[in-house]
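There's a structure below that I have some questions on.
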Amino acid sequence: MSPHAGWDIFTRHPANPIITADSLPYRANSVFNPGAAKVNGDTLLLIRVEDLRGISHLTVGRSLNGATGWRFESTPLVVPESDHHPEEIWGVEDPRLTWLPELEEWAIAYTSYSRRGPLVSLALSKDFTEVRRMGPMMPPDDKDAALFPRRIDGRWAMIHRPVPARGSANIWISYSPDLRHWGDHQLLLEARDGAWWDAGKIGLGPPPLETPDGWLLCYHGVHMTSSGPIYRVGLALLDLDEPRTVLRRTDEWVLAPTAPYERSGDVNKVVFPTGWVMDEASGQLSIYYGAGDSVIALLTASLSDILAMMRKVPTG
């Protein structure tokens, strides 16, 4: 891959940041890390909102064009319910949205912040007017989870990022017959070592996207420096029939925090994609991400350009 090839493919929207805390109809500290979907003609974002206590909930925003004119609900869709779900006592965070045609429902994989650390929870929704909680899927510490949209060899599959007591934090894949009981865990993508941009800790971004070349993954890598971490973004492709097989993975990052709203915020130097929407007619992929853990921004790219770039990166 040519130096910085990804930088020529992804375009920041001129209205960035497209959503800030001031956009909401109620007071909040920050908005970031949204799940994204296309629902009833609107682009819908399920947004992580951190309130003035520091506790996060999830609220819905809708836009006709996916960039401007956002409309927000007056009350959140998902708030921590610690009486019935003690795993949510310190908030609900970072949703990823996957349409499951078999169930005709959206799967919402999100992080519950429990007393014992973050863990993966799952909820289902028809249209984001109400949700049905399924409860915890993985024990702490675990996060950055998303489902595949269809069964693989008869089983549901989920990507997630457990954090071990020792060693690096890597991306794993697990399987379930019923969306409740998960097993057959396998390491999928390993954080690199040393000075690499994705050494030590990586995590999934938006849900896996099915393409002719394989399942497209967008992931973040965390590079620790003397002035704190830098969150950057890379891409990988998985085999369509056997997603445990990694076909290609970018050596270089394709997105880095260079804009002012990415370099400065509650957490500096962060780009953190969590949702994307594919326009089948134009082939454009809209990627929604948290910037600086404070605002929401938008990237666009041609899927054909992304796949053409991925064909040039190393295999295996």
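Just so it is clear, none of the values below were taken in a lab; they were calculated from the coordinates. A quick note: this is a predicted structure, and the numbers were derived from the prediction, not measured. Note that we place each Cβ from the backbone using ideal geometry, even for glycine, and neighbour counts take in every protein chain shown.
Does the range 258-316 come out rounded, prolate or oblate, given a ≥ b ≥ c as the square roots of the eigenvalues of its C-alpha gyration tensor, rounded meaning a/c under 1.5 and, failing that, prolate meaning a/b above b/c?
Judged from the Cα gyration tensor, the range 258-316 comes out oblate (a/c at least 1.5, b/c at or above a/b).
Moving on to the next point. Net charge around Leu179, counting only other residues with Cβ within less than 11 Å of its Cβ (Lys, Arg = +1; Asp, Glu = -1)?
Computed value for this residue: 0.
May I pose another question? Using 7 Å Cα-to-Cβ label points, what is the Ser304/Leu179 separation (nm, one decimal)?
In this crude spin-label approximation the distance works out to 3.5 nm.
Next question, about the same structure. Taking the Cα centre of the range 2-112 as origin, work out the dipole magnitude from +1 charges on Lys and Arg Cβ and -1 charges on Asp and Glu Cβ, in debye rounded to 20.
Here the size comes out at about 520 debye.
Are there GluC sites (Glu not before Pro) in the range 85-129 that DSSP puts in a loop and that have at most 15 other Cβ atoms within 10 Å, and which ones?
Glu102, Glu104
Which FRET efficiency, nearest 0.05, do Glu130 and Arg27 yield, Cβ-Cβ r, R0 22 Å?
0.35
Once you sort the root eigenvalues of the Cα gyration tensor of the range 64-189 as a ≥ b ≥ c, which label holds: rounded (a/c under 1.5), prolate (a/b larger than b/c) or oblate (the other case)?
oblate
Given axes a ≥ b ≥ c from the Cα gyration tensor, I'd like to know whether the range 118-244 is rounded (a/c under 1.5), prolate (a/b larger than b/c) or oblate.
Here the range 118-244 falls in the prolate category.
Shifting gears a bit: 7 Å from Cα along Cα→Cβ at both Asp83 and Asp239: what's the point-to-point distance in nm?
In this crude spin-label approximation the distance works out to 5.0 nm.
Taking the simple approach of a point 7 Å from Cα along Cα-to-Cβ for both Arg116 and Thr11, what is their distance in nm?
Calculated label separation equals 4.9 nm.
Can you put Ile159, Ile89 in order of Cβ neighbours within 10 angstrom, beginning with the fewest?
Lowest count first: Ile89, Ile159.
Can you find, among Trp172, Val78, Val270, the residue sitting farthest towards the positive end of the charge dipole of the chain, where Lys and Arg contribute +1 and Asp and Glu -1 at Cβ?
Of the candidates, Val270 comes out farthest on the positive side.
Taking the radius of gyration and the Kirkwood hydrodynamic radius from Cα positions alone, what is the Rg/Rh ratio for the range 222-285, to two decimal places?
Rg divided by Rh gives 1.07.
Given q = 0.12, 0.15, 0.24 Å⁻¹, what are the Debye log10 I(q)/I(0) values for the range 208-316, with equal point scatterers placed on the Cα positions and solvent ignored?
At q = 0.12, 0.15, 0.24 Å⁻¹ the computed log10 ratios are -0.44, -0.67, -1.30.
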